[in-house]
Structures are given as structure tokens and as C-alpha cells.
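Novice: Provided herewith is a single structure, encoded as C-alpha cells, for subsequent inquiry.
Derivation of every value follows stated rules applied to the coordinates shown; laboratory data play no part. If you're wondering where the values come from, they're calculated on a predicted model, not measured in any experiment. Note: ideal-geometry Cβ built from the backbone for every residue, glycine included; neighbour counts use all protein chains shown.
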Amino acid sequence: MNERPLILSVTSGKGGVGKTFATINVAAALARTRKKILVVDCDLGLANIDIMLGINPSHTLQDVAFGNKKLQDIIVATAGGFDLAPSSSGVKDMAQLLFEKIEMIKSMIRELSGYDIIILDTGAGISEVVLQFNLLASKNILIINKELTCLTDAYSMIKVMFQVFERDNFSIIVNTVASEKEAVKIFTHINSICRRFLGFDLDYAGYIIQDDLATRSILTQKIALLDAPESEMARNFRTISNNISSWQNNHP
Ligand SMILES: Nc1ncnc2c1ncn2[C@@H]1O[C@H](COP(=O)(O)OP(=O)(O)O)[C@@H](O)[C@H]1O
Ligand SMILES: [Mg+2]
């Protein structure tokens, strides 16, 4: 095991594109390959990983930010075989966390050991909190779909991260597509825009097919990958997980 975990963020310009759903399933797929995975719910104001997984945590990042809990104290095991640092939802102070508190949580994440990969599931958009968690990650996975506004928002996120923080290490997952062909077309489109206007290429992590299995699994608080392991969607998550594993092998 690498001593320092690989830290990744799952992020998007536009909201509701499937970040949390993808995070859970990719984490479960990675955990199936015997890796120690931690997911941190970094959508601080609107956290919902605990709900998607049907768990009711007694402590959350709120206790880390405002109480005397350490990050290690709030981590719980999940049915997906990965660990979770849950956050709380509907708490205004968490949605508007002060810079020092964000820095404190970031440094606690940085100091964690015993994990191969830490995945930060962020909120949408280019707010300071989202940018800060993206900055903590060594690679940002952007979830996009075919909607034009989703593509333009993703481009805005990439542009800000590049121009403000000199970030050029992004990987794309194309969600809710009808086929791999459609996903590659969407990826090629956003990649050509980045190459033309920002001067670098994006990495392609894979795609996720559009399937009611997503909605069903969220409704029943199950993990699609484990609930329907033979589905095309589960195969998509395993492919993405394999691609992510290859980054881990190359990580310094
Ligand atoms: N591949 C997919 N096929 C069908 N529906 C999907 C897919 N991915 C996500 N969804 C739906 O999109 C909604 C938003 O997903 P979520 O992960 O909460 O988005 P985000 O975290 O980006 O806000 C969910 O209700 C889910 O059912
Ligand atoms: Mg989410």
C-alpha cells in the first residue's frame, strides 16, 4: 500500500448530474478489488450519502467542525465495503463554513492514513468550499451529461480551477448516456474545447448508462453495483474503477 492515500474528488459544474450516485458505486467497485476506500461527504450543506446508503450516523463532519470530534471518530463502515465520513444536511452553518474550518477539515483528511484512495464527493458549482475540496484532491473527476448547460458549467469549473489554481488534471465520467458511442462523442466535444481554449487535454474515466436501476437503487437505499452486478451499469462502474486503480499505481 502506498503510504499516502490517493485523494480524488468527484465534482460537477451543474447539480444533480449523479456525483453522489457515481461516488458510492465507484467506491464499492474499488472496495471489491480489496482496496481500502474512504468516501468523504463534502457536500456540506446538502449531504446525502448516508441517506442513499440507508445509514443513520450518530456523528458527522458537523461535530468535527463545531464539536470536539476528530475525523477518525465519525467514520463508519458501509454495506459497500468502503468507509464513509458523513456530513449533515440542512445545517446553514455547514453550508457556509468559514475558511478556517474548511482548512481544518482538509488537513484532517490529508493526515489520514490506512486508506488506498480517499474520494471527496463535493457539492456542485464553483463556490469556495467546492473549489477548496477540489484543490485538496490530486485529480478531479468531473461528472457530465449531454445537456448543454451541464457541459458549459463543467467547462467553467475546469477554467476556474485552471486559471486560479493552475489545475490541469481532470478526468471525465459521462453519465446518463444511451451508449458508449454517445459518451465518447460528448467527451470528445468538451475535450476539444479545453484543448482549444485552455491548451490541455482531459482524461476519460468512462461512462455510465442511463438506467432506472439508478433511481430504483437510490429509492431502496441499495448500491446498484451490488444489487445488479450483471447489469451494464455495474460493468460501467467496474471499468471506471479499473481506470482509477491505474492512476493509483502511478501516483507518487
Ligand atoms: N445513470 C443514471 N441513470 C438514471 N438516473 C440517474 C443516473 N445517474 C444518476 N441518476 C439520477 O440522478 C439523480 C441525481 O443523482 P445524484 O447522485 O444525487 O446527483 P448529484 O450528487 O450530482 O447532485 C438521482 O436521483 C439518480 O436517480
Ligand atoms: Mg450529491
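Novice: Kindly rank 197-203, 31-37 from highest to lowest mean number of other beta carbons found within 10 Å of each residue. Present the calculation step by step, with values, prior to reporting the outcome.
Specialist: On the way: 197-203: 14.0, 31-37: 18.0.
The densest-packed peptide leads the list: 31-37, 197-203.
Novice: Right, here's the next one. May I ask you to compute the full-extension gain from N68 to S179, defined as 0.36 nm times their residue separation minus their alpha-carbon distance, rounded to one decimal in nm? Could the numbers behind the result be given before it?
Specialist: Numbers: separation 111, 0.36 × 111 = 39.96 nm, distance 4.81 nm.
That works out to 35.1 nm of additional length.
Novice: Next question. Which of the DSSP-defined H helices in the chain satisfy a minimum axial length of 24 Å, computed from C-alpha atoms, and a minimum mean Kyte-Doolittle hydropathy of 0.0?
Specialist: On the way: long enough: 148-165 (25 Å, 1.10); 180-197 (26 Å, -0.24); 232-249 (26 Å, -1.03).
Membrane-span-like by this criterion, though nothing is claimed about a membrane: 148-165.
Novice: With r as the distance between the Cβ atoms of M104 and T220 and R0 = 51 Å, compute the FRET efficiency 1/(1 + (r/R0)^6) and round to 0.05. Write down the numbers at each step before the final one.
Specialist: On the way: r = 36 Å, r/R0 = 0.71.
The calculated FRET efficiency here is 0.90.
Novice: Which Cα, out of A85, T149, F162, lies furthest along the positive dipole direction of the stretch 6-244 (beta carbon charges, K/R +1, D/E -1)?
Specialist: F162
Novice: Can I ask one more? Per residue, what volume in Å³ does the Cα convex hull of the stretch 13-114 take up?
Specialist: 108
Novice: If each of R195 and E128 carries a label point 7 Å out from its Cα toward its Cβ, how far apart are those two points in nm?
Specialist: 3.8
Novice: Using the Cα centre as the reference, give the magnitude of the dipole from point charges on the C-beta atoms of the stretch 86-244 (Lys, Arg: +1; Asp, Glu: -1; all else neutral), rounded to the nearest 20 debye.
Specialist: Working: 16 positive and 20 negative charges, 44 e Å.
Result for the stretch 86-244 is approximately 220 debye, rounded to the nearest 20.
Novice: Would you mind calculating the relative contact order of the chain from Cα pairs under 8 angstrom and at least 6 residues apart, reporting the percent as a whole number? List each step's numbers first, then the result.
Specialist: Numbers: 464 pairs, mean separation 67.7, N = 252.
Relative contact order of the chain: 27 percent.
Novice: Still on this structure, please answer the following. Ratio of Rg to Rh for the chain, alpha carbon only, Kirkwood?
Specialist: 0.94
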